Amino acid sequence: MVAVKRTLPAPPELQSRWASVLEEAGLRPRVLQLHDRFPEERSLEVPFSVLDSIDTPLADLLLERPEVVLDAGVRALRDLLPIAGPEADELRVRVVGLPATAHRAVRAIREADLNRLLALDGIVRRVTEVRPQIRDAVFECVACRTKFHEAQDETSLVFREPLECPESQGGCGKTQGRTRFRLVAEESTYVDAQRIEIQEHPETLRHGAHPQGLSVLLTEDLTGRMLPGNRIVLNGVLKSFQRASAARGGVVRNTTFDLMMVGNSFESKTREYEEIEMTPVDLRLIEEFRGDPTVVDKVVLSLAPTIKGMEEEKEAIALQLFGGVEKHHADNVRVRGDIHCLLVGDPGTAKSQLLRYVADVAPRGIYTSGKGATAAGLTAAAVKDDFAGGRWVLEAGMLVLADGGMAVIDELDKMSAEDRSAMHEALEQQTVSIAKAGITSTLNARCPVLAAANPKWGRFTNDRTIAEQLDLPPTLLSRFDVIFSIRDVPDQERDRVLAGKILASHREAEHTGLYGGPEGGTHAPFPPEFLKKYIAYARRTVRPVLTEEALEAIENYYVRVRRQGEEPNAPVPITARQLEALVRLSEAAARARLSKDVGLEDAERAIRVMESFLRRVSMTEEGKLDIDLTQTGVSHSQRERMDIAVRIMRELQEQPGGTFTVEQYHEATEKARISTAHADSILQTMRNQGEVIEPRPNQFQLVRF
């Protein structure tokens, strides 16, 4: 379809038509209000639907020739002012709510869209600093001392200088070769300017597709209002400028042009999951599951149905997808509602497959692997880039781009310790702070994190506790609400059942499709697309409230487990962090049922998930729960054995010579009822940490004696 250019009416006619629109829409009081509040407010927002309903030809012309039509609207706006003042030249008309025909994806922009008014739906990737940009340069001719004006191109980074002293402005007419021109900076006109880069939503991309972006120029009151990670609809005029490259003979101009949008207005997408489109049929099917007590089990069965087993892990992930309720207290303390989940398992247990599936099903889900992730790529970075003319630019990372969605990180153990440490703030506070090159900023990273890792030695072993084999720092582990260890233990009966299910799924996939309709199916009650819409609808519309029965059940469980720590020399079984996790899991279970109340069954489901996590990861050799295994990395019994071992080393060191041998150490620890394996483990750990040295062969010495 070829766009037909309309005949442009005369500017006075356009101005009078705009005046009629402003009067009929009842916008005169708003214009007077702008006059009183100038310069704090200087823009009049006009919904496109209002303009279209009053003057449809003018609305159509606005999309095709936006610069001329908007200029006429500004002149009509000035005529409504009671008195002419300095604000008359500064007021602007901002058009919002463009029709669907004007919306474009970044990768769908073509040459037919040049110089038209478009709406781009995307996420802010980069933001430059706000700097003054010259709009009207004043020059002085050295020969005749005449001052004249030279208008500048907003979209170009190239400063336009005069070629001659213009006679039309009272000059001498001499060319650049016969005279020189001096910029009169103090008399020139400037405007606040900021460049941003808007990028496609990461979750809408096909696998392997690189997200495309577009540079946007913001001026005047549009500047300084965006941060990386903001999801917006940007309305503006698409412009082009010629690309140039350096060559031996000078600058060579290419035939290829670059694109830039000059922003006119933007609309923030504050409501989460608004971009998930749902038909009336979808809404009717979703509402049929309201109050269904088995809906959580159906969601669990629908998560990666080809991956057999892992029911407890899938149940925790299902609750993570729905999430708890974010709360703000009177003292401005914010309590996150998002649930963080970590899977640590043996190779070949389908962790990566499960994570890939969850990233596809989760609304706004973004997937990355720890092998290729850095601290800057996960959180945010200040980079020096030509995009900003060589200045520092704030660039959003994965967790910031996933704000309001879900971040899925595979191979977490393969990341460097420095890169992993950048996640601490994002997991608990759900913000990303950056201070570099004079840029100090805090960005939002409000997203649940689902991560997977392998054990320290590649596979779980039986001679050490599971907590000792997690190759992650305790400070990071303590920020996950639930942690699951997945062990691949040979069991003939279980292996036969699992092999039968896997082979049956292969055979069925070769002959028929895997999924049935939304109302039922052989393997998965919910197909992936319907599950994504169900999750988005639940998170968007349901904010469950805790009932007395749920509160009592959670409180009784917490007190009962904590009572185990009251025994003499008993470890601390759980802390208040697990109590908050129980609340979040309970709210997620209620939200999955589309229930506005958190019932007793939701609290019991949360308790069951929490007990499964504690039983797998926090169980000591003596069969007691010890949360210190995940929160400090050292269990209560380990800490006691280490204290005894250090005391023994200190006593042995007081003997003549000031050192001790391994045989002396083993003999003393055996009397203290510490096994040789534990004693050797403590000695090796202290040697690795530099607390014990070996000045001579088989002669050990405590550094802090």
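So the values come out like this:
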item	result
Per-region count, segment 541-567, residues of a type in the set (A, V, I, L, M, F, W, C) and not in a helix (DSSP H, G or I)	3
Near pairs, Cβ below 6 angstrom, 6+ apart or cross-chain, from segment 253-267 (on the phi > 0 side of the Ramachandran plot) to any residue that is surrounded by 16 or more Cβ atoms within 10 Å (Cβ to Cβ) and at pLDDT 90 or above	none
Residue check, Leu629 modelled with pLDDT under 85 and under 28 Å from Ser478 (Cα atoms)	yes
Residue identified as out of contact with any Phe, Trp or Tyr (no Cβ under 8 Å at 6 or more places or on another chain) and either more than 30 Å from Asn444 (Cβ to Cβ) or surrounded by fewer than 18 Cβ atoms within 10 Å (Cβ to Cβ) (or both) among Glu111, Glu90	Glu111
Complete set of residues in segment 304-340 that are within 17 Å of the chain's Cα centre (by Cα) and among the acidic types (Asp, Glu)	Glu326, Asp338
In segment 116-162, the residues that are without any contact (Cβ under 8 Å) to a residue 12 or more places away in the chain and either buried (at least 16 other Cβ atoms within 10 Å of the Cβ) or among the hydrophobic types (A, V, I, L, M, F, W, C) (or both)	Val158
Some residue of segment 185-206 being in contact (Cβ under 8 Å) with a residue 60 or more places away in the chain and farther than 26 Å from Leu114 by Cα	yes
The lone exception for Gly291 - which of (1) in contact with a Ser or Thr (Cβ under 9 Å, 6 or more places away or on another chain); (2) closer than 19 Å to Tyr537 by Cβ; (3) modelled with pLDDT of 85 or more it fails	(3)
Restricting segment 535-556 to residues that are more than 13 Å from Ser595 (Cα to Cα), modelled with pLDDT of 90 or more and not β-branched (Val, Ile, Thr), the residue that is surrounded by the fewest Cβ atoms within 10 Å (Cβ to Cβ)	Glu548
Residue list for segment 415-442, filter: in a strand (DSSP E or B) and within 16 Å of Asp338 (Cβ to Cβ)	Thr431, Val432
In segment 674-705, residue farthest from Gln469 (Cα to Cα) [restricted to those that are surrounded by fewer than 13 Cβ atoms within 10 Å (Cβ to Cβ) and at pLDDT below 80]	Phe705
Test for Gly377: is it modelled with pLDDT under 80 and part of a helix (DSSP H, G or I)	yes
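The values are calculated or read from the model by the stated rules, or taken from the named source; none is laboratory data. Bear in mind that the values here come from a model prediction, so they are computed numbers and not experimental data. Neighbour counts run over all protein chains shown; Cβ positions are idealised from the backbone, glycine included.
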